[in-house]
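See below for the structure under consideration.
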Amino acid sequence: FEGANETLLRWEQEDDYVGLQQIRGYGGAPPRVARVGIKEYIAKPGVYGEYIMLDEEELTNRRAMGSYGAPIQISDIVARAHAQLLTRRIARQEKIIADLLVNGTFSVADINGKTLISDSFTPQTFTASVPWSTAATSTPIADLRACQLIPVGQSVRVDATSEVWMNRVTANYLLSNTNANDLGGRRLYGLSPANSIEAINMILQGEDLPQIRIYEGGYKADNGTWTRFLATGKALLVGRRTSGAKIGGYRYTRNINSPNAAPVPYVRVIDKGEENIPGVIEVHDGHNGGPVLYFPGALVTLANLAA
């Protein structure tokens, strides 16, 4: 997460460095080299915010959960409202990031179903010829080797310092591989079979392949359905820039509702009981912002990992 005191999401990226240094010889004048160009990217930030209202009845009858007697402080019930809103904000941000990085696009609709913000890029993808859920013939090691070649020439390292993010169901397919010509042949080698993610990562490290990371983030929809941010059958390979530069971020932009209009989320508690009857308290949480992607070439989406 980062902040920028701007109203738009704006970032720049230099074009690729090309060519080889030229020879000049003793006494020769060095040839001139043209500077590389710079591409500028601009996107509109999303404007997010919601509130919880603590009404007169709740404020009067407030009590600690599990008790039916003494009331709790108003600050305690406000804190619970803050926690709920913060959880929703983080879930929204995680979903935006996961949708964009894995699928190449994200969109957010309002309560009436109208899309108010969306953006996309063209992701690098790899499609497994045999799903990892087919334990006997799938080839996860060969697939990861193929993924290593995709970002070639983009100043990206795809090796044992890189990571492949997937949910636990997809990881379980990997753990179940029995293909003797691929991971299965390495898993069952020796006296102690590799039956854990940690052990599999040791095998991958020996092959200088990215490490497996489990990501079980998700949210419970209003209808009670649990939805993972990273779908089963997909994975995200995250390489590393050779310069150590970060690949992207989620940027907050200027927000008039934040203190001094700072580029940070706002949290407000508005007590309307001072001027109105019946008295109510509104707990607000919101932010302006969105994802910025500096080096998309460091990302590869793996698809068709589950039948």
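The values are calculated or read from the model by the stated rules, or taken from the named source; none is laboratory data. These figures come from a predicted structure and were not determined experimentally. Because the Cβ atoms are built from the backbone with ideal geometry, glycine has one as well, and the counts that use them run over all protein chains shown. Calculation scope for accessible area: heavy atoms of the full protein, side chains included, ligands and nucleic acids excluded. Shrake-Rupley method; radii C 1.70, N 1.55, O 1.52, S 1.80 Å.
For this structure, a couple of remarks:
- Some residue of the range 228-236 being surrounded by fewer than 18 Cβ atoms within 10 Å (Cβ to Cβ), in a loop (DSSP other than H, G, I, E, B) and at pLDDT 95 or above: yes
- Scanning the range 272-302 for residues that are aliphatic (A, V, I, L, M) and either within 25 Å of I117 (Cβ to Cβ) or open to solvent by 40 Å² or more (accessible area, probe 1.4 Å) (or both) returns I277, V283, V292, L293, A298, L299.
- Subset of the range 128-172 [farther than 29 Å from T242 by Cβ, open to solvent by less than 50 Å² (accessible area, probe 1.4 Å) and not in a loop (DSSP other than H, G, I, E, B)]: V169
- Selection count where residues are among the β-branched types (V, I, T), out of contact with any strand residue (DSSP E or B) (no Cβ under 7 Å at 6 or more places or on another chain) and without any contact (Cβ under 8 Å) to a residue 24 or more places away in the chain, scope the range 220-265: 2
- Single unsatisfied condition, S120 versus (1) closer than 30 Å to Q93 by Cβ; (2) open to solvent by less than 20 Å² (accessible area, probe 1.4 Å): (2)
- Of the criteria (1) farther than 26 Å from R157 by Cα; (2) surrounded by 14 or more Cβ atoms within 10 Å (Cβ to Cβ); (3) acidic (D, E), which one E207 fails: (1)
- The numbered conditions (1) under 28 Å from T7 (Cβ atoms); (2) open to solvent by less than 30 Å² (accessible area, probe 1.4 Å); (3) of a type in the set (A, V, I, L, M, F, W, C) are all true for V269 except (2).
- Selection over the range 16-56 of residues that are touching a strand residue (DSSP E or B) at 6+ places or on another chain (Cβ under 7 Å) and open to solvent by less than 50 Å² (accessible area, probe 1.4 Å) gives a count of 7.
- Criterion: among the hydrophobic types (A, V, I, L, M, F, W, C) and open to solvent by 60 Å² or more (accessible area, probe 1.4 Å) - qualifying residue of L188, L183: L188
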